[in-house]
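Participant: Please find one structure pasted underneath; my questions will follow.
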Amino acid sequence: MGNETVKVAIIGSGPAGYTAAIYAARAGLNPVLYTGSQPGGQLTTTNDVENFPGYPQGVNGPQMMLDLQQQAERFGTKIYYSMVTGVDFSVYPLKLIIDEKETVHAEAVIIATGASAKYLGIPSEQKFANRGVSACAVCDGYFYRGKDVAVVGAGDSAAEEATYLAKLCRKVHLLVRRDEMRASNIMQQRVFNTPNIQIHWNTETQEVLGDDNGVTGVRVINNKTGAISEIPIQGFFLAIGHKPNTEIFADYLELDEAGYIKVQPGTTRTNVEGVFATGDAADRVYRQAITAAGTGCMGALDAEKFLAAREAEMTARTVKV
């Protein structure tokens, strides 16, 4: 890997990146994929994936990413355990800086850098990750059927996660930092009208409690009275937002107010010709492995179409000359 030009460069290695690689490789585009700092993306932090079609017994997250990687490699994708640390989309071919030192040019770029869930920053979150601490109710709620859980957050996503979990769990404790929620009125009403959701106002998490088997409770403090209490739970869900990993594209691509890449509706095309955005870097709504994989497929097909049109144009120009 040096100062070279590749046909298709894929940035990121979750379901979107690997699916894009499978399609691009099978189309003969010789894709090169840069895994980034977390090869396999968010799914590598998930033990059990039970909602991805084709795995009737469920699958371990890291294993599933390995399966996708091997499928991409089988068709000739070159995978580099490197990080794209900078880009210049004002030039063509498009320019990528790899690991802050090497330069690669690409005729098309598929972005699959994903998003990272925001955490509170307390050590016990990481200690009990995958053992009761989760940032995705849709992914993990099923494992807490009939149990008591807590959700941290006050926005629409927290309200959504709480009401989703309320259908599965015995009780949902919603921990809200202020004396009001930020969620839209309709989402708040859903929370208020769900009998097994208990809202704890002015409440901040001090520590997630647990033992060798996982989470057993959460210690909270009332930031008005200073009172400290413990709530017995088996699951602790964070719903304080996601941060798309899009900072390096900010100078060139149109992002929405939360930092997600804007795409033309129904496509993965961005405001820069030849740059396509897939997966959670462009999806603030669904954020599922299966939807990310779907847009990865779209990104590869859009890139293939773009390159074919470009080639046809170049050929036409040559003929004219």
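Participant: Would you pick out the residues in segment 1-26 that are out of contact with any Ser or Thr (no Cβ under 6 Å at 6 or more places or on another chain), surrounded by fewer than 24 Cβ atoms within 10 Å (Cβ to Cβ) and either among the charged types (D, E, K, R) or closer than 21 Å to ARG74 by Cα (or both)?
Facilitator: MET1, GLU4, VAL6, LYS7, ILE22, TYR23, ARG26
Participant: State which residue is surrounded by the most Cβ atoms within 10 Å (Cβ to Cβ) when the search covers only segment 104-121 and only residues that are in contact (Cβ under 8 Å) with a residue 12 or more places away in the chain and part of a loop (DSSP other than H, G, I, E, B).
Facilitator: ALA112
Participant: Any idea how many residues of segment 280-290 are surrounded by 17 or more Cβ atoms within 10 Å (Cβ to Cβ) and outside any loop (DSSP other than H, G, I, E, B)?
Facilitator: Selection size over segment 280-290: 3.
Participant: Continuing with this model, one more query. Limited to segment 237-255, what total is found for residues that are among the polar types (S, T, N, Q) and either within 24 Å of CYS169 (Cα to Cα) or out of contact with any helix residue (DSSP H, G or I) (no Cβ under 6 Å at 6 or more places or on another chain) (or both)? So that I can check it myself, show each step before the final result.
Facilitator: We begin by selecting, within segment 237-255, every residue among the polar types (S, T, N, Q); these are 245-246.
Subsequent filtering for residues that are either within 24 Å of CYS169 (Cα to Cα) or out of contact with any helix residue (DSSP H, G or I) (no Cβ under 6 Å at 6 or more places or on another chain) (or both) retains 245.
Counting residues in segment 237-255 that are among the polar types (S, T, N, Q) and either within 24 Å of CYS169 (Cα to Cα) or out of contact with any helix residue (DSSP H, G or I) (no Cβ under 6 Å at 6 or more places or on another chain) (or both) gives 1.
Participant: Here are some conditions: (1) farther than 17 Å from GLN198 by Cβ; (2) assigned by TED's automatic domain parsing to the domain that holds GLY146; (3) surrounded by fewer than 13 Cβ atoms within 10 Å (Cβ to Cβ). GLU247 meets all but one. Which one does it not meet?
Facilitator: Failed condition: (2).
Participant: If you don't mind, there's one more thing I want to ask. For the list (1) under 22 Å from TYR142 (Cα atoms); (2) in a loop (DSSP other than H, G, I, E, B); (3) out of contact with any Lys or Arg (no Cβ under 6 Å at 6 or more places or on another chain), I need the number of the one condition that VAL215 fails.
Facilitator: Going through (1) under 22 Å from TYR142 (Cα atoms); (2) in a loop (DSSP other than H, G, I, E, B); (3) out of contact with any Lys or Arg (no Cβ under 6 Å at 6 or more places or on another chain) one by one, VAL215 breaks only (2).
Participant: Could you list all residues from segment 16-32 that are more than 13 Å from the chain's Cα centre (by Cα) and closer than 14 Å to MET65 by Cα?
Facilitator: TYR18, THR19, ALA20, ALA21, ILE22
Participant: May I pose another question? Considering only residues that are of a type in the set (A, V, I, L, M, F, W, C) and either in contact with a Phe, Trp or Tyr (Cβ under 6 Å, 6 or more places away or on another chain) or not in a loop (DSSP other than H, G, I, E, B) (or both), which ones fall in segment 225-239?
Facilitator: Listed by number, the residues that qualify are ILE228, ILE231, PHE236, PHE237, LEU238.
Participant: For the structure I just gave you, tell me whether ILE231 is in the same structural domain as VAL151 (by TED's automatic domain parsing) and either touching a residue at least 12 places away in the same chain (Cβ under 8 Å) or under 18 Å from GLY36 (Cβ atoms) (or both).
Facilitator: Numbers: in the same structural domain as VAL151 (by TED's automatic domain parsing): yes; either touching a residue at least 12 places away in the same chain (Cβ under 8 Å) or under 18 Å from GLY36 (Cβ atoms) (or both): yes.
Yes; evaluated as a whole, the condition is true for this residue.
Participant: While we're here: What is the residue count in segment 182-223 for residues that are hydrophobic (A, V, I, L, M, F, W, C), surrounded by 15 or more Cβ atoms within 10 Å (Cβ to Cβ) and either on the phi > 0 side of the Ramachandran plot or modelled with pLDDT under 95 (or both)?
Facilitator: 2
The values are calculated or read from the model by the stated rules, or taken from the named source; none is laboratory data. Since the structure is predicted, the reported quantities are computational estimates derived from the model, not experimental observations. Every residue, glycine as well, gets a Cβ built from its backbone with ideal geometry; the counts of neighbours run over all protein chains shown.
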